Amino acid sequence: MKTTTQNKTRASINENTQSTVELQKVGATVIGITSLLIGSWAVACMTAGVIASGGPAALATNYIKALVG
């Protein structure tokens, strides 16, 4: 009687090609610029709120009044 065995090997190749690395850099840059724009917009809104309400203390008071009702 003859016995045969079958061996299966799997080779996984994980290569970061240059294009993949460049796409990752572009994605990180886009996310950074977007978060910078959102942060700038938030600062502008808070500044406008402080100016419109008459100062930081008035802003906090008006905010609490808006929450309480």
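The values are calculated or read from the model by the stated rules, or taken from the named source; none is laboratory data. These numbers were taken from a predicted model, which means no experiment stands behind them. We place every Cβ from the backbone using ideal geometry, glycine too, and count neighbours over all the protein chains shown.
Here are the numbers:
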read-out: Flag for residue 27 being surrounded by 10 or more Cβ atoms within 10 Å (Cβ to Cβ) and at negative phi; value: yes
read-out: Test: residue in segment 25-42 that is more than 20 Å from the chain's Cα centre (by Cα) and part of a helix (DSSP H, G or I); value: no
read-out: Any chance residue 17 is modelled with pLDDT under 95 and of a type outside the set (A, V, I, L, M); value: yes
